[in-house]
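Student: Take this structure, written in structure tokens, and hold onto it; I'll ask about it next.
The values are calculated or read from the model by the stated rules, or taken from the named source; none is laboratory data. Note that the structure is a prediction, hence the values are computed from the model and not measured. Backbone-built Cβ (ideal geometry, glycine too); neighbour counts: all protein chains shown.
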Amino acid sequence: MRIWAILAVAAHAFPQIAAADAPAAGKIAIPSVLAFGDRDPSCLEWSDGCVVCRRTDSGNNCSTPGIACQPGEILCKQLAK
């Protein structure tokens with residue numbers, strides 16, 4: 001019976017925890033990282049510390065962020081020569 005009580009409390013608390021940790025609408029980091037290449041055409045490689053993007057002949061390609069990564073400021077890592 002104790003296990004059911006713990007599960008019931010956890011099930012009730014989880015949506016509130018998830019909502020507290022969820023980013024505000026429009027504040028997802030990846031689109032801004034992707035758009036950085038469009039804003040700075042002289043930059044060949046850029047990163048926010050979680051995602052690394054590179055400009056290639058086929059377009060901009062970005063890595064996948066780690067599950068617990070906290071993005072930082074987007075910086076250009078390599079300028080065109």
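Student: If you go through region 35-55 one residue at a time, do you hit one that is among the aromatic types (Phe, Trp, Tyr) and modelled with pLDDT of 85 or more?
Tutor: Yes, that holds for at least one residue.
Student: Anything in region 42-68 that is part of a loop (DSSP other than H, G, I, E, B), touching a residue at least 12 places away in the same chain (Cβ under 8 Å) and out of contact with any Asp or Glu (no Cβ under 9 Å at 6 or more places or on another chain)? List them, or say none.
Tutor: Ser42, Cys50, Val51, Ser63, Thr64, Gly66, listed by residue number.
Student: While we're on this one: How many residues are more than 9 Å from the chain's Cα centre (by Cα), part of a loop (DSSP other than H, G, I, E, B) and not hydrophobic (A, V, I, L, M, F, W, C) when one looks only at region 69-81?
Tutor: Count: 3.
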